[in-house]
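Notes for the one structure printed next.
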Amino acid sequence: MANRKQTVKNCQPRSAGTIIIEMKPYKIGRVVGMGLRVAGKIAGEQMAGRAQAPTASVPLQVSGQAVLERAAGQVAGQATRNLARGVGGFLRPFGRVGRNIMLEVVGAFFLLFAVASSLYLWRFKPGHLQGPYDKNFLAAAGIAVVFLYLSLSSFWRARKK
């Protein structure tokens, strides 16, 4: 005879929600991953089958016109791909220059904030170095350091690229 816990556990209704709650996280990932792979494989096979099988709505043409239309479509697709590659190759250097200019503009913008916060830092400085620092002084110092870091890293990235 089974003990009471097993009997109670077996009597409880089992739904998908309770099964998922009792699963370990890595098992959920495995199950979902396998399901997606199987679904993708089935969808790929169905798409390949549709591409190979002629459709019922279009009658099968034995004449050379269908072959010529298909060949013309393939040539047009190849020409479009070649044109896209050519335009992409032509615009790539302009993208690099634009990225560098954008990094330098952002670096200058951050440098302005660093300078402005350092002016506030000067305004809130204590009269002597060991004295109590005001919260405004510490906030201005933190902001100046952060924006100076952002500015220098932006200039560094522009120079590196």
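Can you name the residue in the range 21-53 that is surrounded by fewer than 10 Cβ atoms within 10 Å (Cβ to Cβ) and not in a helix (DSSP H, G or I) and is also modelled with the lowest pLDDT among such residues?
Top of the filtered list is Ala53.
Give me the pairs: first residue in the range 76-98 and surrounded by 10 or more Cβ atoms within 10 Å (Cβ to Cβ), second residue modelled with pLDDT under 80, beta-carbon distance under 8 Å, and six or more apart or on different chains, which are they?
Arg96/Lys161
Against the definition (in contact with a Leu (Cβ under 8 Å, 6 or more places away or on another chain) and at negative phi), how does Leu103 come out, yes or no?
no
Might you let me know whether the range 84-102 holds any residue that is at pLDDT 75 or above, out of contact with any Pro (no Cβ under 8 Å at 6 or more places or on another chain) and more than 30 Å from Arg157 (Cα to Cα)?
Within the range 84-102 (the criterion being at pLDDT 75 or above, out of contact with any Pro (no Cβ under 8 Å at 6 or more places or on another chain) and more than 30 Å from Arg157 (Cα to Cα)), the answer is no, since none of the residues qualifies.
The values are calculated or read from the model by the stated rules, or taken from the named source; none is laboratory data. All values reported here derive from a predicted model rather than from experimental measurement. Every residue, glycine as well, gets a Cβ built from its backbone with ideal geometry; the counts of neighbours run over all protein chains shown.
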